[in-house]
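Throughout, read-outs are computed from the coordinates displayed, never taken from laboratory work. Fair warning: this is a prediction, and the values are worked out from it, not measured in the lab. With ideal geometry, Cβ positions are generated from the backbone for all residues, glycine too; neighbour counts draw on all protein chains shown.
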Amino acid sequence: MKKSKVMTAQEAVSEFISDGVTVAIGGFFHSISYAITHEIIRQKKARLTICQPSFNEHADQMIGAGCVDRIISSYVWMEVFGPLYCFRRAMEKGIPHKIEMEDYTNFAVMARYLAGSLGVPYIPIHSMKGSDMMNYRAWHGEKKAILMKDPFGSGQEHVLVPALNPDVGYFHCQRADEEGNSQMWGIWGDMPWSMRASKKVIVSCEEIVTREQIGRDPNRTIVPGYKVVAVVHAPFGAHPKHCQGYYDVDRDFIFNYIRESVTEDGWKKYMDEWVYGVADRDEYLKKYVDTFGMKKFLGLKAKDMMSTSVNYGF
């Protein structure tokens, strides 16, 4: 029988995320692991390079907490919700310290992950040509992207971007077994390529199920157990984002973060309440219910909308 990889978020972050490493944060709005993100902040990890095709307020919180030195992404923003003020303060004023950003298109970051997951050193793309992304280069320098004529004679020029293989990746999913075989449905985003490109993976999940249950529906497995070093049971672990089949986006909560973080004092007040002021996700969930009430919490719970069954037999 294989050894269980189940541990707490505190244990997983302490053991597998060191200062100065490159970290892939999985998910595309849907099913982002705030359980792991907040633990990274509580443990005061530092000098991290964080990667994701597009970042939201989870990155903003890590930047404000001083965890981040470098960002690989297309943006750090919240579209309809508003700007992210910790990111702006860091870039514009060096608060809490100056950060660097190597900006690619959303697709280009995904392509870098794909190359990393396939074990190839680079991949050709068509995006970025003609844009200032080819002119502005941070720490990657000339190796950020290279323009090359098609060697097979088409006459086209391609942008070559290097493979991205983060030291560690983490993400949230609906369910996993004790070995780390992880299943997700709904919006995949950069999953599973970002995690397969990572050297090791931490997964947080709504439920821990048996290997037999994973095996009965194998097509939902997006990350195999051999890539995973830690499994963290974290119900409500993607809040305030959604996790399909479990809960919806908490838009009011996100808007509140944007309003609070306009000022440094407001941001610190929010973080003291919702990150530093709770020890783990269980305390976070209890605080949420105590603050907003059970009715609000139950209003986020997913409605039953079952898919039709299929026959897997031969």
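Cβ-Cβ distance of Ala46 and Tyr312, R₀ of 30 Å, FRET efficiency by 1/(1 + (r/R0)^6): the value works out to about 0.05. The chymotrypsin sites (Phe, Trp or Tyr not before Pro) found in the stretch 83-165 that occupy coil by DSSP, while having at most 10 further C-beta atoms within 10 Å, are Phe152. Each principal axis of the Cα cloud of the stretch 240-314 was taken in turn, and the coordinate range along them, longest first, works out to 61, 25, 23 Å.
Pairs exceeding a 27 Å alpha-carbon distance, out of Lys45/Lys227; Lys44/Lys93; Lys3/Lys241; Lys227/Lys269: Lys3/Lys241; Lys227/Lys269. Its convex hull of Cα atoms gives the stretch 24-98 a direction-averaged projected area, equal to a quarter of the hull surface, of 4.5 nm².
Mean separation of Cα pairs under 8 Å and 6 or more residues apart, divided by the residue count, gives the stretch 45-172 a relative contact order of 20 percent. Binning the C-alpha pair distances of the stretch 27-184 at 10 Å intervals from 0 yields a P(r) profile of 10, 35, 34, 16, 5, 0 %, listed from the shortest bin outward.
Over the Cα atoms of the stretch 214-260, each weighted equally, I'd like the Debye log10 I(q)/I(0) at q = 0.15, 0.21, 0.26 Å⁻¹, rounded to two decimals. Taking Cα atoms of the stretch 214-260 as identical point scatterers yields -0.61, -0.89, -1.03. Loop-located trypsin sites (Lys or Arg not before Pro) in the stretch 52-139 (DSSP state other than H, G, I, E, B) with a sparse environment of at most 15 neighbouring Cβ atoms within 10 Å: Lys98, Lys129, Arg137.
When you work out D = kT/(6 pi eta Rh) for the stretch 166-257 at 37 °C and 0.692 mPa s, using the Kirkwood radius from C-alpha pairs as Rh and the Stokes-Einstein form, the result is 245 µm²/s. With only Cα atoms counted, the chain has Rg and Dmax values of 19.9, 66 Å. Using R0 = 41 Å, the C-beta based FRET efficiency linking Ile95 and Lys303 works out to 0.45. Charge dipole (Cα centre; +1 on Lys/Arg Cβ, -1 on Asp/Glu Cβ; no other charges) of the chain amounts to roughly 340 debye. Under 17 Å of direct C-alpha separation, and excluding same-chain neighbours fewer than eight residues apart, Lys149 reaches these aspartates and glutamates: Glu157. Annotation for Asp132 and Gln10: the two label points, set 7 Å from Cα along the Cα-Cβ direction, are 4.6 nm apart.
Size estimate for the stretch 95-158 follows the Kirkwood approach: the inverse of mean 1/r over distinct Cα pairs works out to 13.3 Å. With the simple model of a label 7 Å out from the Cα in the direction of the Cβ, Arg259 to Val120 spans 4.9 nm.
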